[in-house]
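Chemist: Submitted below is the structure of interest, expressed as structure tokens.
The values are calculated or read from the model by the stated rules, or taken from the named source; none is laboratory data. These numbers were taken from a predicted model, which means no experiment stands behind them. With ideal geometry, Cβ positions are generated from the backbone for all residues, glycine too; neighbour counts draw on all protein chains shown. These accessible areas exclude ligands, DNA and RNA; they are computed on the full protein's heavy atoms, side chains included. Shrake-Rupley method; radii C 1.70, N 1.55, O 1.52, S 1.80 Å.
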Amino acid sequence: MVVLHFPIEDHIDLHTFDPREIEPLLEDYLEECRRAGLTEVRIIHGKGRGILKHRVRVFLERSPVVVSHADADWSGGGWGATRVVLKPMTQEREPCPKPS
């Protein structure tokens, strides 16, 4: 297994990935986006026959980190891309010390 490192941006283009890798790729990508503080991203899946879009949408429906998703606006790819709103990463805070 080859591990690749990509910069985390507010979009990912799935055209270069094997369709069998989409689910684990998206799971890792969305978690890294949340760690980077991104709460809205765009997944570019293309228009084609809609098979990849369907796989992406099924994954997003099941993901516990996704608040919502919809087609991107026309400037962002229209129905060839999906806009995703993510739950923000919660940061656990240590309790404040009580004054002595």
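Chemist: What FRET efficiency, computed as 1/(1 + (r/R0)^6) with R0 = 22 Å and r the Cβ-Cβ distance, is obtained for R35 and D10, rounded to the nearest 0.05? Intermediate results must be reported in sequence, preceding the final value.
Modeler: Working: r = 14 Å, r/R0 = 0.62.
Efficiency for this residue pair is about 0.95.
Chemist: May I pose another question? Run the quick spin-label model on F17 and H54: label points 7 Å from Cα toward the beta carbon, then report their separation in nm to one decimal.
Modeler: Spacing of the two 7 Å Cα→Cβ label points: 1.9 nm.
Chemist: Next up: Taking θ as phi - 60°, what are the ³J(HN,Hα) couplings along the stretch 66-77 by the Karplus curve (6.51, -1.76, 1.60), each to the nearest whole Hz, with x for Gly and Pro?
Modeler: After applying 6.51 cos²θ - 1.76 cosθ + 1.60, I find 9, 7, 7, 8, 6, 4, 5, 5, 4, 6, x, x Hz.
Chemist: Loop-only trypsin sites (Lys or Arg not before Pro) in the stretch 15-85, please: DSSP not H, G, I, E or B, and at most 12 other Cβ atoms within 10 Å. Write down the numbers at each step before the final one.
Modeler: Values: sites: R20, R34, R35, R42, K47, R49, K53, R55, R57, R62, R83; in loops: K47, R49.
When the trypsin sites (Lys or Arg not before Pro) of the stretch 15-85 are filtered for loop state and at most 12 Cβ neighbours within 10 Å, K47, R49 remain.
Chemist: For T39, what accessible area in Å² do you get when you roll a 1.4 Å probe over the heavy atoms of the protein chains, rounding to the nearest 10?
Modeler: 60
Chemist: Let me ask something else. Read phi for every residue in the stretch 13-30 and hand back ³J(HN,Hα) as whole Hz from Karplus 6.51 cos²θ - 1.76 cosθ + 1.60, θ = phi - 60°, with x for Gly and Pro.
Modeler: These are the phi-based 3J(HN,Hα) values: 9, 8, 4, 8, 9, 5, x, 6, 9, 4, 4, x, 4, 5, 4, 5, 4, 5 Hz.
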